[in-house]
Amino acid sequence: MRYSIYLCILFVLSILSCNSKQEDRVIESFYVRKDDLGRNVSISVNPKRILSLTPSITELVYTFSDTSRLIGRSVWCDYPAGVKVIPAVNNYPLDIEGVVRLKPDLILVKQGMISVQELDKLEQLHLAVYVQKYDLLNEIYASTKTLVEITKGDSATYKHWLTSMQSDTMHTSVQHAKTCLAVTSVSPIYVFGKTTFVSELIEQAGGKNCVETIQSAYPTVDVEYILRANPDVFIFNSTDQQKLFFETYPLLKQCKGYITNQLFVIDDSIMSRPGIRLPILKDSLVSILSK
């Protein structure tokens, strides 16, 4: 009788022990990390189903991490070419049902590219959404480092990329810095402002942003403002945009940049995305501003 009771006790203890170990394994398979909104996000220690809702983040995940982990993207994510075969969801507005169907264990998105309501809905569905800042260079470097860490990416490749971005590029003295206007849209005229990575890269390349006194990321400016600034260099995101710009505002042909034919084009997907191709943008600006 005592022997039977003893066996029963051992059996119960073994079950409790197994349950405890199983619970420990469940807990250890996730960890909590603050995103750039200050939210505590429970992240899988080894995420295998990553959904990126931002083109620049898609570039980074595809380059630095195992591509098989990237199981979803936004419809705007089109680089590198290999991502085009990955299932896409609409993100303006966000297709919540499409997101759920992909069964992601980690969703990555740039701050400003998801609404509070959409974020709340995803949280209610117990989906891990990690929001990051990618506006200024220091934010880009820090966020990319975090991205590599949480997606189990290649740290050596990241460090090589970072080195290429942080190498010295100053070729022109501040006294002779060319003033530059980088246009994002024509009507109304939106330009890259002081608080953007594009403006920082212009300065690193030895140039000076014409709108550096405006504390806005993408301010609107009028013809009179541009005439007063009289930029040495104009940068557009396409030849069509350049043509439309001066057709719409012929008075701006009086600016020094137009008269001296300092009109340049950098592809919009390179100019506007803080992703893997930032070194290309950096080198392009150095080349333009050293002419």
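Since every read-out is calculated from the coordinates, none of them should be taken as a lab result. A quick note: this is a predicted structure, and the numbers were derived from the prediction, not measured. Cβ placement follows ideal geometry from the backbone for every residue including glycine, while neighbour counts extend to all protein chains displayed.
List of remarks:
- FRET efficiency estimate (nearest 0.05) - Cβ-Cβ, residue 290 to residue 270, R0 22 angstrom: 0.75
- Cα-based helix-to-principal-axis angle, 55-64 vs the chain, degrees rounded to 10: 60 degrees
- The orientation-averaged projection of the convex hull spanning the C-alpha atoms of segment 222-291 amounts to 4.9 square nanometres.
- Sequence-ordered 3J(HN,Hα) estimates for segment 116-131 from the Karplus curve with 6.51, -1.76 and 1.60 and θ = phi - 60° stand at 4, 5, 5, 5, 4, 5, 5, 5, 4, 8, 6, 9, 7, 10, 10, 9 Hz, glycine and proline given as x.
- Over the chain, the fraction of Cα-Cα pairs per 5 Å bin, rounded to whole percents and listed from the shortest bin up, is 1, 5, 11, 13, 14, 12, 11, 9, 7, 5, 3, 2, 2, 1, 1, 1, 1, 1, 0, 0, 0, 0.
- Top positive-direction residue, dipole computed over the chain with Cβ charges, set 252, 65, 167: 65
- For segment 206-215, 3J(HN,Hα) computed residue by residue from phi via the Karplus equation (6.51, -1.76, 1.60; θ = phi - 60°) reads x, x, 9, 6, 4, 10, 5, 7, 8, 7 Hz, glycine and proline entered as x.
- Overall, the chain carries a charge dipole of about 540 debye about its Cα centre when +1 sits on the Cβ of Lys and Arg and -1 on the Cβ of Asp and Glu, all other atoms neutral.
- Estimated [θ] at 222 nm from DSSP helical runs (n ≥ 4, -39500 (n - 2.57)) normalised by residues in the chain, nearest 500: -12500 deg cm²/dmol
- Calculated log₁₀ intensity ratio I(q)/I(0) where the Debye formula runs over C-alpha points of segment 153-229, q = 0.12 Å⁻¹: -0.43
- Alpha-carbon centroids, segment 249-267 and segment 152-225: separation in whole Å: 18 Å
- Too-long pairs where the Cα-Cα distance tops 24 Å, listed order kept, from 48/121; 133/256; 194/282; 159/194; 121/152; 110/243: 133/256; 159/194; 121/152; 110/243
- 25 Å tail of the calculated P(r), segment 73-183, as % of Cα pairs: 39 percent
- Mean Cβ neighbour count within 10 Å, used as a protection proxy, ranking 271-282, 255-266, 200-211 highest first: 200-211, 271-282, 255-266
- Basic side chains Lys and Arg get +1 at the Cβ, acidic Asp and Glu get -1 at the Cβ, and with that the dipole of segment 73-199 about its Cα centre reaches some 260 debye.
- Compared with the dominant Cα axis of the chain, that is its longest principal axis, helix 137-150 is turned about 20°.
- Rounded to 0.05, the FRET efficiency of the residue 116 and residue 85 pair, given R0 = 45 Å and the Cβ-Cβ distance, is 0.90.
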